[in-house]
Amino acid sequence: MLYLYNNTFMKTTKRGDESTIKIHNRLPVLRAERGLSRQELADAVGVNFQTIGYLERGDYNPSLELALQLSEFFNLPIEAIFSRSPFKPLSSELYARNTETPRTETPRTETPRTETPRTETPNPQAPRTPEEVQK
Amino acid sequence: MNKTAIMTSTPIKRSVRRAIVLGCYLGGILMAFGWTLEQPLRWFLVIPCGFACILCMGSLLMPYTLGVSDGTDEMLDERQLQRRNRTYLDAYRILGLLVMFAALYFYIAVTSGKWWLPKNEYEINVVFWGTMLICITLPTALTTWSEPDPIMEDTQ
């Protein structure tokens, strides 16, 4: 009984900032895209730069307030910054989006071939060499 | 207050911080042990160990010098507050247990008269200063011990 209680307790609660649920984020990419240092981002959202580092490293999960602040700062929805499942690389997502969109080009139509089909079996009565053709 | 302005000193690696915590408590224990030795050998142990203990205790009493999340609410951001509250809760539990067992021990020792009790000045000093050292430094020592390795600022 005690084991069950402890097990449930450990799975559903946080111990300090060591959360049992891993939250993935795109902070390093977003920060690099904008050319920001950790200190600059930390100043913008009002936390210590170490906290930004721990967030990026996945050692700390942000509060809703901090997540909203980061979302407002980057002008992106929260789900674009944080996710419960690992993010795909941005480049591959962008590329995948481009290839998934329907094409506007006119579809290729298969034109019927006008060439005579090649036959594999040679015609025994057909001339083989130029001399035979002249004859 | 700007919470990003705190911890201006360079954060220290966890191994160094742990060495400071160990230096504080081991220094205290060795210093207390040194007092029991003969005169020439006593000072060789008491002076360096006492010096190390006091230096490390001074560092623990000024946690911002170690780059550790410790301070008032206004100085800390949400992660640092979480860490501080967690370690303070752990310290409270540990101290509570120590006080409970100490009270139980002294109750049995006094009533039975068979167990050890501090009698002379030296033994009373060891118990008194040991208790003071633990009470003063334990919360910060736990924070200093458990804080993960710092992440150095990048130059982007």
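Laboratory data are not the source of any read-out in this text; all were calculated from the coordinates shown. In this text the structure is predicted, and so the values were computed from the model without any measurement. Positions of Cβ are backbone-derived with ideal geometry, glycine not excepted, and every protein chain shown enters the neighbour counts.
Find out how many positive minus negative residues lie around B:Ile20, taking Lys and Arg as positive, Asp and Glu as negative, among other residues whose Cβ is under 13 Å from that of B:Ile20.
Details: positive: B:Lys13, B:Arg14, B:Arg17, B:Arg18; negative: B:Glu147.
Neighbourhood net charge equals +3.
Counting only helical runs of four or more DSSP H residues, what would the 222 nm mean residue ellipticity of chain B come to if each run contributes -39,500 (n - 2.57) and the total is spread over all its residues? It would help to have the intermediate numbers written out before the result.
Details: 4 runs with 105 residues, N = 156.
Helix-only estimate at 222 nm: -24000 deg cm²/dmol.
What is the gain in length, in nm to one decimal, between B:Leu26 and B:Gln39 on full extension, counting 0.36 nm per residue of separation less the C-alpha to C-alpha distance? Present the calculation step by step, with values, prior to reporting the outcome.
On the way: separation 13, 0.36 × 13 = 4.68 nm, distance 2.11 nm.
Once the chain is fully extended between B:Leu26 and B:Gln39, it gains 2.6 nm.
Strictly under 4.7 angstrom between C-beta atoms: which cysteines of chain B have no such partner?
Lone cysteines by the Cβ rule: B:Cys49, B:Cys53, B:Cys135.
Using the basic label-point model (7 angstrom from Cα toward the beta carbon), what is the A:Arg57 to B:Leu61 distance in nanometres?
Distance between the two pseudo-spin positions: 3.0 nm.
Taking neighbour Cβ counts within 10 Å as the exposure measure, how do A:Leu68, B:Leu76, B:Leu81 sort from fewest upward? Please report the intermediate quantities before stating the final value.
Details: A:Leu68 13, B:Leu76 22, B:Leu81 16.
With the fewest neighbours first, A:Leu68, B:Leu76, B:Leu81 line up as A:Leu68, B:Leu81, B:Leu76.
Taking other Cβ within 10 Å of each residue's Cβ, how do B:Thr72, B:Thr131, B:Thr137 sort, fewest first?
Working: B:Thr72 9, B:Thr131 14, B:Thr137 21.
Neighbour counts put them in this order, fewest first: B:Thr72, B:Thr131, B:Thr137.
Using the basic label-point model (7 angstrom from Cα toward the beta carbon), what is the B:Trp145 to B:Glu121 distance in nanometres?
3.3
Please work out the FRET efficiency for the pair B:Ile54 and A:Ile21, using the Cβ-Cβ distance as r and a Förster radius of 30 Å; give the result to the nearest 0.05. Please report the intermediate quantities before stating the final value.
Details: r = 43 Å, r/R0 = 1.44.
FRET efficiency, B:Ile54 to A:Ile21: 0.10.
Would you work out the relative contact order for chain B, in percent, from Cα pairs under 8 angstrom that are 6 or more residues apart? Display every interim value, and only then the final one.
Working: 150 pairs, mean separation 52.4, N = 156.
That works out to 34 percent.
For the pair A:Leu94 and B:Ile94, what calculated FRET efficiency results from E = 1/(1 + (r/R0)^6), where r is the Cβ-Cβ distance and R0 = 35 Å, to the nearest 0.05? Working shown, then result.
Values: r = 52 Å, r/R0 = 1.49.
Working from the Cβ atoms, E equals 0.10.
Among A:Tyr54, A:Tyr60, B:Tyr64, which comes first, then next, by fewest other beta-carbon atoms within 10 Å?
Fewest to most other Cβ atoms nearby, the residues stand as B:Tyr64, A:Tyr54, A:Tyr60.
If you count, for every residue in A:50-58, the Cβ atoms of partner chains within 10 Å of its Cβ, what is the mean? Write out the running numbers ahead of the final one.
Numbers: counts 14, 9, 5, 8, 5, 2, 1, 3, 0.
Mean number of neighbouring Cβ atoms from other chains: 5.
Describe numerically, in nm with one decimal, the distance between label points set 7 Å from Cα along Cα→Cβ at B:Phe128 and at B:Val16.
3.6
Starting from the Cα gyration tensor of chain B, take the square roots of the eigenvalues, sort them a ≥ b ≥ c, and report rounded, prolate or oblate (rounded when a/c is under 1.5, otherwise prolate if a/b is larger than b/c, else oblate). Mind dumping the intermediate values first?
On the way: a/c = 3.40, a/b = 1.66, b/c = 2.04.
Here chain B falls in the oblate category.
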